[in-house]
Each structure stands twice: as C-alpha cells, then as structure tokens.
1. Please go through (1) open to solvent by less than 10 Å² (accessible area, probe 1.4 Å); (2) within 12 Å of chain B (Cβ to nearest Cβ) for residue A:200 and return the number of the only condition it doesn't satisfy.
2. Please tell me if residue A:231 is touching an Asp or Glu at 6+ places or on another chain (Cβ under 8 Å) and aliphatic (A, V, I, L, M).
3. Taking the options B:149, B:73, B:98, name whichever one is within 20 Å of residue B:27 (Cβ to Cβ), more than 22 Å from the chain's Cα centre (by Cα) and open to solvent by 50 Å² or more (accessible area, probe 1.4 Å).
4. Name the residue, out of A:181, A:220, that is facing chain B (nearest Cβ under 8 Å), open to solvent by less than 10 Å² (accessible area, probe 1.4 Å) and assigned to a strand (DSSP E or B).
5. Going through the range B:237-250 one residue at a time, which ones are within 8 Å of another protein chain (Cβ to nearest Cβ) and open to solvent by 10 Å² or more (accessible area, probe 1.4 Å)?
6. Which one is least open to solvent (accessible area, probe 1.4 Å), of the residues in the range A:261-285 that are without any contact (Cβ under 8 Å) to a residue 60 or more places away in the chain and part of a helix (DSSP H, G or I)?
Number of protein chains: 2
Amino acid sequence: MRRGNRGERITVIGNGGWGTALALVLVGNGHRVRLWGAFSDSIALMRRERENIEFLPGIPLPEDLELHDDAARALEGCDLWINAIPTKYIRDVMERLRGVIPTGVPFVSVSKGIENRSLLRASQVVTDVIGRRELAVLSGPSHAEEVARGLPTSVVVASRGEKLARRVQRLFQSERFRVYTNTDFVGVELGGALKNVIAIAAGICDGLGFGDNTKSALVTRGLVEIARLGVALGARKSTFSGLAGIGDLITTCFSRHGRNRAVGEAIGSGATLDDVLGRMRMVAEGVWTTRSVVEVARERSVEMPIADQVHRVLFRGKSPDRAVGDLMRRAMKSETEDLG
Amino acid sequence: MRRGNRGERITVIGNGGWGTALALVLVGNGHRVRLWGAFSDSIALMRRERENIEFLPGIPLPEDLELHDDAARALEGCDLWINAIPTKYIRDVMERLRGVIPTGVPFVSVSKGIENRSLLRASQVVTDVIGRRELAVLSGPSHAEEVARGLPTSVVVASRGEKLARRVQRLFQSERFRVYTNTDFVGVELGGALKNVIAIAAGICDGLGFGDNTKSALVTRGLVEIARLGVALGARKSTFSGLAGIGDLITTCFSRHGRNRAVGEAIGSGATLDDVLGRMRMVAEGVWTTRSVVEVARERSVEMPIADQVHRVLFRGKSPDRAVGDLMRRAMKSETEDLG
C-alpha cells in the first residue's frame, strides 16, 4: 500500500539491520530509496541475493530498493538522508563521506549511543564532522527484524522545530509503523543511549536467577536515574515516560535478543567482562556507554546508583551479588522526591 | 535477621498468596504476626502442614507465624492490620468483621482493583463499610511467590500524610524487600488496578503473535492513558512513572504468570471471553476492571484508546486483529502533547 503524496528521494547511510529495515518501511510507503553500505562485497551480496543475509536473513528486498556502494551516486539529488551507522563508526564514515553529503539537505539520525571520550550523542558526532545541519532523531522500541517482518511498531521522531519531525512522521507512517512526534530531540536521543546501561543491569539480574519483581523494579528505578541525568543534560523529563524512554528500555531489558542484556546475563552467571567480549561477534554498546555515563554523572553530580554498580561490576571486579545487595540496602527513600 | 526496633503486633486479613507473603516478610523482620483466613478448613490445613499449599506451595511457614480463623482473636490488641482480601470479596468480609476491627488502629490496603458498580478503589470499599480510618496503600511489582522466595522486590507505600507511610516502610524494609514512600495514595492505588486492563491488551498482542516492539509500545502508550485517567481522578501524574505505575505494569504485561495477560493471550488466539472465563480457576480482575474503567473514562471525558479497544474485543465481539489495526491507524500524533 502506497501512502506518500509523492515519492521522496531518500538515501539511507548504513546497510545494517536497522538501516535496511527503515529502508523497507520507506519503500513500502512509495518513496525512492537508496541504501548505501561501506563495504562493496556486502552490497554485492545483497544485490545478488536481494536479501540482507548478514543482518536481516530471510527477508526479501523489493526490486525498487536501490543498493549502492558509491556514496556520491547514492547521495546525489536526495531530498533527505538517514544516518544508520553504529555510533563507534560514525566519525570515520562521516570523514569519508564529508565531500559528497549535499549541503542544505536535512538528515535523520537513527543510531543509539554516546561516543567515548568526546561524550557526544550520535547526531552530534555527525555534525561535529560535517558541520551544522537541520536534523531529526528517530528512536523507540524497534528491533530491526520485527520492523522488517511488518510487526506493529511505534516510534518517536524529534526535531528542534516541529516541522522536520512532522515531515519525517509523514514519510514513515504506515499501518504497521506508527510515528509520534516530539520536540525534545536531546531527550529522545539520550533515551536510546542510556537504556543500554540499565539493560546490562537487567541481564545481571537474569544471570543471578532473580524474577520479574526484581527486574521490573530495576527498570523503574533505572528510568528514574536515566531521566535525572537526561534533565541535567538538557532533556525534558517527560520524554523519558515516552517511547524513546521507558518504551525502548522495556524492550531492551526484557527481550531475549538484546546484546546488552546478554552481556549482563553472562556476567551475572559468573563470567568476566573479558570472557564475554572475547566471544561476542557484535558490539554491546552499553559496556562503553556505562563508562561515559558514569563519567558524565560524576561531572554533573547526578546520583545514578544502578549505573554506578554496573560500572563496579564491569570494570572493578565487584561481585554481582554484592552489587545487588548494596542497591537494596541503601537508605530508605521517598519515591515522591525522585518522581517530582 | 531481625530488624524491627520492637516487635509490632500486626494482623493480616486474608490468607491468599499475597497476604501470606507479606506476613512472611514481617515475621522475618521480627514482628508478631497473625494471619487470618475466612475459611476454617483452609487455616486448619495451613496449621497442619505449616505451608500455604493452595497459594504458596513449597514455602515453609515459620513456627512464630500465628494462624487464625477467629477474627476477634486475630485482631485483638493489634497495632496495625493489613487488608489482603481480593477486591470483589472485600465488602462481604468487612461486613462480617466490622464488629471486631479495633477502632483507632490504622490499616494497610494491599488489594488491587476497582469495585464494579460502585467504582470504588479497594481501600475505599473497606472504609465504605467500616468507616473512616487512618490508612496506607502498598503496591508495586510484586508477585507473591517471588516475595515469599526472598527474591529482591521493591514496592511503594503511600498515605495521606507521610507519617504512616514511613512507619509501614520501617516495618517491611529488609535486604530483600525495599520500600519507597509516596504521598500520592490515590495514584499508588489506581496504578495497581488500571494496569490489568493494559495487561489484557498485552496478552492479546501475544496471542496475535506480535513481538517486543508491539508490546513495549503498547505498555508505553497504555501508561499514558492510565496516567490521564489517574490525573482526572485526583492522582499525581508522576506517580505513574514509579513502582506502582510503570513498575507494576511491566511485570503484569511481561510475566508468563499473569492471569490478565493470559486471558488476553487466549482471546488473541481466537477464544471467546466465555470460553476463557469458563476454564479459569482464579479471577482475572482486569476483565471487570475494563468495564469500570471505560465507564469512568466516558464520564470524565478521558481518551483511552487502548482500554476502549480491549472493551470492544471482550464485550462487543470485535476481532483482535481489527482492534490493533484501528489503534495503529489513528490520526498522527504528537507525543509531546500527551506527556506534557
């Protein structure tokens, strides 16, 4: 079913699972979509198989999805582009593409993370390299595979003014992909990055054999501290009660597929961080985000007891069991003060 | 490990799973606890086996937990009592106990629900029968079985002034049972009742074979409408971001054990409500709460699209698939307006 008033020309930078899934949504809505990947052999494989075997196996790619390894051709004449590169590679890729990214064309950032050392959010890394652009961020509970399979998904898109967010909403909105707008783009982007720290904590609880009570409380209290840091960094508190906050956090903490939760589970079961990282194929961003988060929280004097315990377990050799004990034994608290 | 400054004398009314689990927490903290049940044979069985075989099988009851079927003796001289009767039986039980409940002694309400027709919350049903009392409500993500097994659990207790809430916090707080206080007792009590409607919707999604994206979005948007109704009924919005709001909602929607989620799942898989209710041993309060909630929402002109669709599916024969479609197809929305 085609819904776009006209086919907009959209270029997706990054042929991982998420970039590919979003490209599929846009093609389904009648837009003219080009998907660019950094590796020629990966694009060649996708062209030959009409499938993203590496990241979205089993899902056919429609013929009208253009696949590119030449960035200049992929980006030429586009009305909008999307950055779907994993956070740790954004800087390198943007350095490489800087000369061919059209000026005056807005972009949508869909990566989740905070760059180490610089402590910049994904969209800030992009503009740090290519200069100021009009931009929106898109986030929310959205496993790529489920989006690609057409399971009902709701996300939120935010921009400084509402105009670009509304445009992006119209581009993506379909019967299976519902898009809400929000004006707090700092909060929407931070929600996606900070959740991964709490996901590791949730995994630790799973590894220790705890139940639903423990994990639900952890997610709830995790949200309180995420929001606290977010507000200190300029986000609006209420954003964390939305899809990019609690929504994404729930998926990440409860889904069996989450990489960050899986890291926590292994550690809760007795593995060391080196063991776990040694045998993972894909990066669990939360491990490094934990470092950034604890550093920022300290700078801003924001209390984050869960992130702090995750940091001690990951990097200081603290036993997970003692970390949970220390969280439970803290001074008796009023929820009213925290929730405000 | 005993923590209470002195052993307080506490009577728990209701020997279901939740009443028994809370009695165990209090005994563990060194209080003198009497547990009362309405059925003599049930209490006799518990006395003989030192176990609550019906509702908490496999968990030994310590010798110093007193078991009673005589309400006058159970309540005599207590410093505090706890109402743990399921909502639909509260009125009958309170009528029966009215003469022996000591005046001037505060109580803690731990039941979750809204009475049909009267639309009163559990604690209001109690005071409707026995008259005004000082009271607190205790809620949060807390499967009785997990509490009884000593898995880490965090709950919230609220009273109009903070004094009673703080006293209840001290009574229950332990290394495995963390208690937060809150001053919004209307919000804390409503959270526990309203979540069951969203849990049925979550189960419907499971029955339809949807994934984590769908369910996380549903829980997030469900929270928005629960909070909206709560505020209209005098609750504080932020309470729904806490343990009695999102915390309890998450457990109920994601746990495999939840009765309300199970009802939804059966219906999402094609069963009718009559089929499902016919084969259930225990009551799924959410079915009846849905009726109350839709009625109250209409009275107060509060928009509750998810509750409304659940109502249509349960009582009007609407197909679950069409209900989800109608939710996804609604006019494009701004999250900012909803979250405020």
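The values are calculated or read from the model by the stated rules, or taken from the named source; none is laboratory data. Keep in mind it's a predicted model, so treat the numbers as computed, not measured. Cβ placement follows ideal geometry from the backbone for every residue including glycine, while neighbour counts extend to all protein chains displayed. Surface areas here come from the heavy atoms of the whole protein model, side chains and all, with no ligands, DNA or RNA. Shrake-Rupley method; radii C 1.70, N 1.55, O 1.52, S 1.80 Å.
1. Every listed condition holds for residue A:200 apart from (2).
2. Values: touching an Asp or Glu at 6+ places or on another chain (Cβ under 8 Å): no; aliphatic (A, V, I, L, M): yes.
In short, no.
3. Details: B:149 fails: more than 22 Å from the chain's Cα centre (by Cα); B:98 fails: within 20 Å of residue B:27 (Cβ to Cβ).
Result of the check over B:149, B:73, B:98: B:73.
4. On the way: A:220 fails: assigned to a strand (DSSP E or B).
Exactly one residue qualifies, and that residue is A:181.
5. Residues satisfying the conditions are B:238, B:241.
6. Here the residue is A:276.
Each row is one residue, and each column tells you yes or no for (1) under 24 Å from residue B:239 (Cβ atoms); (2) touching a Cys at 6+ places or on another chain (Cβ under 7 Å).
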| position | (1), (2) |
| --- | --- |
| A:196 | no, no |
| A:206 | no, no |
| A:218 | yes, yes |
| A:228 | yes, no |
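For (1) among the small types (Gly, Ala, Ser); (2) closer than 19 Å to residue A:236 by Cα, each residue gets a yes or a no:
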{"position": "A:137", "(1), (2)": "no, yes"}
{"position": "A:144", "(1), (2)": "yes, no"}
{"position": "A:161", "(1), (2)": "yes, yes"}
{"position": "A:180", "(1), (2)": "no, yes"}
